[in-house]
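Everything on this sheet refers to the single structure shown next.
The values are calculated or read from the model by the stated rules, or taken from the named source; none is laboratory data. Since the model is a prediction, treat every value here as computed from it, not as a measurement. FYI the Cβ positions are ideal-geometry reconstructions off the backbone, even for glycines, and counts take in every protein chain you see.
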Amino acid sequence: MTLARRMVPYPEENLLLRLLGGAPAASVEPGQVDPARFVELCRRHGVAGIARKAMAGGEDSWPPAIWEGLHQAARKTLVDNLALLRSLREAAAALDEARVEFILLKGVSLLGFLYPQIDQRPMTDMDLLIREADWPAVAEALQRRGCTLPTAESEKALGEHWYNHLVEMPGTPPCSLEIHWNLESIERSRIDPGVLFRDAVPCVIEERAYRRLSDDHLLLHLAVHLAHHLEAPSLHWVEDLRRLLRSGALHWERIDAEAKAWGVRNCLAYSLGYVERIVPGSVPEAGLRFRWSPARRFILKGLGTRNPILPHRDLGRSPLRHAASLILLDRWRDASRYVARHAAQRTARALGRG
């Protein structure tokens with residue numbers, strides 16, 4: 001380790017924060033940043049394309065290993081996303097033939113809207129929202145097109161925790177398609193999917209018309225999704241929210257009312273607080289109203305870290321991660337229902353084995 005790296009803690013993380021925050025892409029001394037670690041950090045957090053764009057125009061002043069590494073990562077994102085969008089068109093055609101209404105969710109719904117260049121937002125799969133009653137028709141339509149449907153066992157396993165089924169689309173490479181009939185995990189929120197369909201708005205991706213969540217519902221969903229992954233927070237989800245806060249037509253009184261009804265105000269407090277930590281000034285005054293109770297802030301402080309790109313220490317393998325998630329994010333009555341439901345499921349499985 002060089003003297004510069006000993007004197008400057010987290011040099012790669014701080015460089016990434018400068019780039020995400022729009023600071024001038026000034027060159028750095030080679031001894032301050034490990035190029036391989038910086039590129040891997042950008043890849044792991046899904047922001048290689050954004051970092052590369054922030055560096056554009058000053059390529060000659062950066063270590064070649066950084067520029068080339070980010071270029072390769074962005075190119076891989078482009079190739080992967082083109083394959084996913086090809087599968088999306090196939091899935092959409094199947095659902096159109098079945099006369100099933102659907103809504104794009106999460107990453108794929110942000111292309112063109114928040115990310116004009118598709119190499120800036122990596123995706124690992126695609127997410128669609130349907131009405132639960134339409135699943136049989138959807139499954140039949142997708143199966144006719146050569147898709148691999150979930151087994152009865154996987155349907156049951158997913159159904160104990162989540163509102164979705166996993167479908168594998170044909171092609172090279174094969175792509176995963178998550179079919180949701182509600183958002184996030186069972187018992188942890190009270191979201192009305194009918195309202196999501198009622199307020200959905202049109203969008204265009206690769207010259208094909210779709211529908212996505214309204215800006216208000218998109219903010220709620222992205223915030224809940226980030227919060228429910230607190231064991232492994234990622235900067236690309238923070239960037240999603242930051243761009244929506246900047247570009248979306250948001251109605252904060254409505255967001256507040258629906259967050260209360262859905263039971264996700266703590267999720268908003270977590271996720272918007274994380275965004276503000278990463279790029280101060282990103283969250284408008286109306287969004288800063290979402291704050292945790294003193295007790296929850298005290299618990300989060302106990303999970304603190306000096307790493308500037310994380311809201312708390314890594315909980316990925318900690319046995320406390322589920323407890324921390326419930327205590328920090330859920331209303332007490334929702335957490336109680338969640339615990340009771342899963343305790344009953346474990347008891348039933350144990351009795352079945354007996």
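Residues that are over 20 Å from Leu303 (Cβ atoms), surrounded by fewer than 11 Cβ atoms within 10 Å (Cβ to Cβ) and at pLDDT 70 or above within the stretch 320-351 comprise just one, Arg333. Note on the stretch 216-331: enclosed helices (runs of 4 or more DSSP H) holding 2 or more residues that are within 18 Å of the chain's Cα centre (by Cα) are 235-247, 265-278, 321-329.
From Ser185, Ser176, Ser189, which residue is crowded, with 18+ Cβ neighbours inside 10 Å, in contact (Cβ under 8 Å) with a residue 40 or more places away in the chain and hydroxyl-bearing (Ser, Thr, Tyr)? Of the residues listed, the single one that is crowded, with 18+ Cβ neighbours inside 10 Å, in contact (Cβ under 8 Å) with a residue 40 or more places away in the chain and hydroxyl-bearing (Ser, Thr, Tyr) is Ser189. Return the residues of the stretch 201-215 that are crowded, with 20+ Cβ neighbours inside 10 Å and not hydroxyl-bearing (Ser, Thr, Tyr); say none if nothing qualifies. Scanning the stretch 201-215 gives Ile205, Arg212, Leu213. Regarding the stretch 199-213, can at least one residue be identified that is among the small types (Gly, Ala, Ser), touching a Leu at 6+ places or on another chain (Cβ under 8 Å) and modelled with pLDDT of 95 or more? Within the stretch 199-213 (the criterion being among the small types (Gly, Ala, Ser), touching a Leu at 6+ places or on another chain (Cβ under 8 Å) and modelled with pLDDT of 95 or more), the answer is yes, since at least one residue qualifies. A single member of Ile118, Ile103 is touching a strand residue (DSSP E or B) at 6+ places or on another chain (Cβ under 6 Å), among the aliphatic types (A, V, I, L, M) and at pLDDT below 95, and it is Ile118. Residues that are of a type in the set (A, V, I, L, M, F, W, C) and under 16 Å from Ala227 (Cβ atoms) within the stretch 306-319 comprise Leu310, Leu315, listed in sequence order.
Whenever a residue of the stretch 56-74 is closer than 14 Å to Leu19 by Cβ, it has no partner that is among the polar types (S, T, N, Q) and outside any loop (DSSP other than H, G, I, E, B) lying with C-beta atoms less than 9 angstrom away and at least six residues away or across chains. Of Glu140, Glu101, Glu153, Glu97, all but one fail to be in contact (Cβ under 8 Å) with a residue 60 or more places away in the chain and among the acidic types (Asp, Glu); the exception is Glu101. For the stretch 236-248, check the following and say yes or no: at least one residue is crowded, with 16+ Cβ neighbours inside 10 Å and in contact with a strand residue (DSSP E or B) (Cβ under 8 Å, 6 or more places away or on another chain). Yes, some residue in the stretch 236-248 is crowded, with 16+ Cβ neighbours inside 10 Å and in contact with a strand residue (DSSP E or B) (Cβ under 8 Å, 6 or more places away or on another chain).
Condition check ((1) out of contact with any His (no Cβ under 8 Å at 6 or more places or on another chain); (2) surrounded by fewer than 19 Cβ atoms within 10 Å (Cβ to Cβ); (3) of a type in the set (Val, Ile, Thr)) across all residues:
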site	(1), (2), (3)
Val264	yes, no, yes
Tyr274	yes, no, no
Arg277	yes, yes, no
Gly287	yes, no, no
Trp292	yes, yes, no
Arg297	yes, yes, no
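The set of residues in the stretch 228-258 being under 22 Å from Arg190 (Cα atoms), at pLDDT below 95 and of a type in the set (A, V, I, L, M, F, W, C) consists of Leu230 alone.
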